[in-house]
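Below is one structure, written out as structure tokens; comments come after it.
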Amino acid sequence: MTEILGSLDDLAARVPDGALLALPPEYSFVPMALIRALIRRGAKDLHILTVPIGGMAADMLIGAGCVKRVECAAVTLGEVGLAPRFSAAVEQGRVEVIDSTCPAVHTALQATEKGVPFMPLGGLIGSDIVKQRNDWKVVDDPLGRGNGKIVLIPAIQPDVAVIHSPLADRDGNVWIGRRRELATIAHAARTLLVTVERVQNESLLASEATAAGALPGLYVSALAEAPMGAKPLGLVEHYEPDHDELACYGREARSEQGFRAYLERTVFAGTRAAAE
Amino acid sequence: MTEILGSLDDLAARVPDGALLALPPEYSFVPMALIRALIRRGAKDLHILTVPIGGMAADMLIGAGCVKRVECAAVTLGEVGLAPRFSAAVEQGRVEVIDSTCPAVHTALQATEKGVPFMPLGGLIGSDIVKQRNDWKVVDDPLGRGNGKIVLIPAIQPDVAVIHSPLADRDGNVWIGRRRELATIAHAARTLLVTVERVQNESLLASEATAAGALPGLYVSALAEAPMGAKPLGLVEHYEPDHDELACYGREARSEQGFRAYLERTVFAGTRAAAE
Amino acid sequence: MSGDADYSDAEFLITTVARLIETPDVRHVAVGAASPIPGAAALLVRKLKGGTPRVSLIHGKATNPFTDGGREIFDCAGQGRVDVFFLGGVQIDGEANINLVGTGDYPKVDKRFPGSFGSAYMYFVVPKVILFRPEHTRRVFVPKVDFVSAPGLSAPDVRRPGGPKYLVTELCVMSFDAGRGRFRLESVTPGRTVEEVRDNTGFEIEIPDRVAKTLAPEPERLALLRSSVGREIADVYPGFARDMLGVAA
Amino acid sequence: MSGDADYSDAEFLITTVARLIETPDVRHVAVGAASPIPGAAALLVRKLKGGTPRVSLIHGKATNPFTDGGREIFDCAGQGRVDVFFLGGVQIDGEANINLVGTGDYPKVDKRFPGSFGSAYMYFVVPKVILFRPEHTRRVFVPKVDFVSAPGLSAPDVRRPGGPKYLVTELCVMSFDAGRGRFRLESVTPGRTVEEVRDNTGFEIEIPDRVAKTLAPEPERLALLRSSVGREIADVYPGFARDMLGVAA
């Protein structure tokens, strides 16, 4: 059964050091408050999988020294520009990057979702990504029907995945709407931790209208309320991204010193104040 | 762009003789009125793919002589009992059966959805289904990691798929709710024909709540209104299955003669009367 | 089988199946279409245990948790998230092969049944598959099935975390030992005999020297079946609940 | 590039890209994240043609038709349902290889960029990929990219229904011929020269004897960009619409 926890810190405590942690993309229910809690708890040696693109969450975790390795199709702040802590850490060799491409990340999770050791994916061949990935395998058409070469992508099973949603119910069912990559992440991960704007009493499975956008509690290990928990990113139909704050991060995080000041203000002091 | 047609017969005319026709399972938005229109137009030599289980729709098409071959995980009338026209046609060798199993049908459509020539699936090995399928292939772990043998299921691309939904909008977006096998069918099929209880003006994509359960018009070739179009089957939250009518079908269709009388009453005369 | 007992055959089978479900490792029981007795047994266990295990009846409403379409139950099982599932068979043989397709020389069958459904997959991936087939005759329990919808045993190079664990019929409960590749008689329905089981089974089974009687339904459980659990069952199987448990939807 | 022309650089690029999109076989144009000029060009074509082709801006609201999550655009393209897509590159070479990862000796890069996104897939499956990279310098257009995010050419035993068809920069429009494996100069931006193109390109290109000037934006299209199409763009790229087209969200 899904546990409903009292605090973000309780939730953050469920992400062990060294875990393979899956993060949703910037536009999709990103649990920023939980990311800040993870940084506060001093998480270490995380292996991050961005599904498929990382943003501010990945950049902050990397900058805060929580990350050993990142597998990604890209890490970017989007309109704001490059992800500065990611770029710096890669250039200085402080984080290992495993380059991927968007559909390969989806495919690797779909393989785990389906309980198979791999799935094939078209394209890719001739990309240096394939050359660097000795876990991927290029094979001749295994059906022997003249379909040519194809890449087999091994399954990836995240130890933990984290998302922020507008709404859950007391049975642990969580609204994901049309962000169905979150369903695949949930199906594939060993543990799913969820923060939500609010928990309602009525079951999301009580009507077909809400069931259509619900992830069953079956896949939800624990959840906690975190109002405004995606800020400064947006949450569709709930709040817009705080563009000024994002630009401010993009600017300050260009230097190690600026990033430290940003963390101090928004992760440590900021949250301690908010918690009082 | 999705065409909005005036009649079921216009829609039925879009299913060519000989087509590979995908049908949704009994509990999932079955377009019974369109099936009756197909029988009225005298469709011939259809290859039916039941996704993954066929029911009254498949049984009626088979009984009416529209079907040359059926690929299925099962065909059954559920609580009512065996599918009588299916069983009779198979026993008399009048229809070719390609036996499958539920997840293999889903997998074959997912492969087409993903644009790959095959997908692997666990289990299966040792089943006589595999022995009979010379399109499926059992291979040693192609990753070479000691995962053992696995079955590769080739992609299936239906020529046409048909569904009945409660609701569409003028852009051709169609409500499928949590019946996401319909999304996979739609993504995989060359042509998707949809009947709906009603067409509304407001776009289903206008809010996240309805978008979560919507199939984009991108995949919808043509649609037509058909109120009560799933009857005598049910449509979740709209009407219950007509159990008496289903039992009546199960009884009458046990004999060729009874089935003919049932068709005459419900497909030919019945609809001619309703159209007046 | 009930004779003048104060419970019906259905109630007896439900409580028998329930006992096989309720081990501590079981977190999630899934039940396929048209399976009222296994479904009722799972709901009964959930009620007795205060909400654990989860029970998913794929054609239920309140009891159907799936929102990813028809493939979710298979994906879910493939992920190792389904601990118990039920299968039947037109024919079942001594190696626990099941046939759901038809009798005779496939593909020219004499009698065609619906088909294999998801058995060829679920039988491999669910750790505790309970075979449920009330009719205990040599027509069903044959030396060798005419068509293997799903095999009871697999070679070592085939990944198989799951498989058959029990067989429940109107006459008895058997366990299946994959290592030895055969069924073992565990208990016999009150009023029936080991000889009846042997006479009506078309394959060899292991029969211990002393065979227990299958327990009669516990009164507390009977009461639940006829009240709160019965109402949950009626949500999915109204006809069954009315006719077999005397509970209205 | 506009000088004293009555249109902006952005408007010039939008109408240039629009002309490359609008062939009769194009039913569906998809545009990735952070691509306001290609997005605007696609919306302009849709407006001009009365609703065809479909335009999917993956981060748009009204213009984002996808409901199957992040993988849908890739699945959709793999199904052959996307006819036009846009890619850029930190570096692009004469075989149309693109690099979105970084410069230097991978994995020890000197400068790290975001990553390959979906390019390693979309470049293979979308029939008309338009490379869009306004900056036309030898820093971008290099003899050989340092990292191939996605290759411009493939061996015959690799299924590749798609690939690069055009390259649009501030200086020119080039076409790419997969058979000959090289770019061909199609037209030069008004006010710029063939020599400038050659001097700023680090690889050989085919230059015909006579090279046309890229057409200036058609007045009717400019008017649409500044009104109805501009408002659609502002829905997705408010900053861009405000700064480049003078249209408020």
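Below, the figures for the structure above:
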quantity: Segment D:113-249 - Rg (one decimal) and Dmax (whole number), Cα, Å; calculated: 17.3, 50
quantity: Segment C:199-215 - phi-based ³J(HN,Hα) in whole Hz, Karplus 6.51/-1.76/1.60, Gly and Pro as x; calculated: 5, 9, 10, x, 9, 5, 10, 7, 10, x, 4, 10, 10, 6, 8, 5, 5
quantity: Cβ-based charge dipole, chain C, positive-most Cα from C:66, C:14, C:237; calculated: C:66
quantity: Order of A:137, D:108 - criterion: other Cβ atoms within 10 Å of each residue's Cβ, fewest first; calculated: D:108, A:137
quantity: Residue D:88 long-range amide H proximity, modeled H, under 5 Å; calculated: D:132
quantity: Considering only segment B:62-203, percent of DSSP beta bridges that pair antiparallel, nearest 5; calculated: 45
quantity: For segment C:71-147, convex hull of alpha carbons as volume per residue, Å³; calculated: 93
quantity: Cα-based shape type of the protein assembly as shown, given that a ≥ b ≥ c are square roots of the gyration tensor eigenvalues and the cut on a/c is 1.5; calculated: prolate
quantity: Gyration tensor (alpha-carbon) shape descriptor, chain A, a/c threshold 1.5; calculated: oblate
quantity: Options C:57, C:130, B:93, ranked by Cα towards positive dipole end of the protein assembly as shown, top entry (Cβ charges); calculated: B:93
quantity: Unit Cα scatterers, Debye sum, segment A:112-260: log10 I(q)/I(0) for q = 0.12, 0.16, 0.17, 0.19 Å⁻¹; calculated: -0.74, -0.97, -1.00, -1.06
quantity: Euclidean distance between Cα centres, segment A:33-50 to segment D:185-206, Å; calculated: 49
quantity: FRET efficiency, 1/(1 + (r/R0)^6) with R0 30 Å, evaluated for residue D:52 and residue D:5 via beta carbons; calculated: 0.50
quantity: Residue closest to axis [chain C; rotation mapping onto D; Cβ; Å]; calculated: C:68, 5
quantity: Net charge dipole size for the protein assembly as shown [Lys, Arg +1 and Asp, Glu -1 on Cβ; Debye, nearest 20]; calculated: 1100
quantity: 7 Å along Cα→Cβ, label-point gaps from residue D:137 to other copies, nm, shortest first; calculated: 8.7
quantity: Unit charges at the beta carbon, dipole of chain A: most positive-side option, A:65, A:191, A:172; calculated: A:65
quantity: Calculated log₁₀ intensity ratio I(q)/I(0) where the Debye formula runs over C-alpha points of chain D, q = 0.07, 0.14, 0.15 Å⁻¹; calculated: -0.22, -0.95, -1.10
quantity: Hydrodynamic radius (Kirkwood) for segment C:1-41, which is based on Cα pairs only, to one decimal in Å; calculated: 11.3
quantity: Amide H contacts under 5 Å for residue D:186, placed H, 5+ residues apart; calculated: D:173, D:174, D:175
quantity: For chain B, calculated [θ]222 nm from helices alone, where every DSSP H run of n ≥ 4 adds -39500 (n - 2.57); calculated: -8000 deg cm²/dmol
quantity: Rg over Rh [alpha-carbon atoms, Kirkwood Rh] for segment A:1-98; calculated: 0.97
quantity: Beta bridges by DSSP in the protein assembly as shown, antiparallel share as percent, to the nearest 5; calculated: 35
quantity: Sorted largest first, extent of segment C:1-94 alpha carbons per principal axis (Å); calculated: 47, 36, 26
quantity: Using a Förster distance of 22 Å, the FRET efficiency for residue A:44-residue A:190 (Cβ separation, nearest 0.05); calculated: 0.70
quantity: Residue exposure sequence - D:233, A:39 - by fewest surrounding Cβ within 10 Å; calculated: A:39, D:233
quantity: Nearest-first distances (nm) between copies at residue D:218, label 7 Å from Cα via Cβ; calculated: 8.1
quantity: In segment B:159-213, GluC sites (Glu not before Pro) in a DSSP loop with at most 13 other beta-carbon atoms within 10 Å; calculated: B:202
quantity: Most fluctuating residue given options C:27, C:210, C:184, as computed from a GNM of chain C linking Cα atoms under 10 Å; calculated: C:210
quantity: Point-to-point label distance, residue C:25-residue A:7, nm (Cα→Cβ direction, 7 Å offset); calculated: 3.7
quantity: 5 angstrom amide H check on residue A:75, placed H, neighbours 5+ away; calculated: A:54, D:115
quantity: Inter-copy spacing of residue B:247 label points, which lie 7 Å from Cα along Cα→Cβ, given in nm from shortest upward; calculated: 7.1
quantity: About the Cα centre, charge dipole magnitude for segment D:96-249 (Lys/Arg +1, Asp/Glu -1 at Cβ), debye; calculated: 240
quantity: Candidates C:187, C:119, C:154: whichever shows maximal mean-square fluctuation once chain C is modelled as a Gaussian network with Cα springs under 10 Å; calculated: C:154
quantity: Note, ³J(HN,Hα) from phi for segment D:42-51, Karplus 6.51, -1.76, 1.60, rounded to Hz, x at Gly and Pro; calculated: 5, 5, 5, 4, 4, 5, 4, 9, x, x
quantity: Residue among A:165, A:127, A:87 with the largest mean-square fluctuation in a Gaussian network model of chain A, springs linking Cα atoms under 10 Å; calculated: A:127
quantity: Rounded, prolate or oblate (a/c below 1.5 giving rounded, otherwise prolate when a/b exceeds b/c) for segment A:178-251 by Cα gyration tensor; calculated: prolate
quantity: Alpha-carbon Rg/Rh ratio, for segment D:103-178, with Rh computed the Kirkwood way; calculated: 0.97
quantity: Given charges at beta-carbon only (K, R positive; D, E negative), |dipole| of chain B in Debye; calculated: 600
quantity: Chain D - mean residue ellipticity at 222 nm from DSSP helices (-39,500 (n - 2.57) per run, n ≥ 4, rounded to 500); calculated: -8000 deg cm²/dmol
quantity: Karplus-derived HN-Hα couplings along segment A:202-214 (A = 6.51, B = -1.76, C = 1.60, θ = phi - 60°), whole Hz, x at Gly and Pro; calculated: 6, 5, 5, 8, 6, 10, 5, 4, 7, 4, 4, x, 9
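Each value in this text was obtained by applying a stated rule to the coordinates, not by laboratory testing. Since the structure is predicted, the reported quantities are computational estimates derived from the model, not experimental observations. Backbone-built Cβ (ideal geometry, glycine too); neighbour counts: all protein chains shown.
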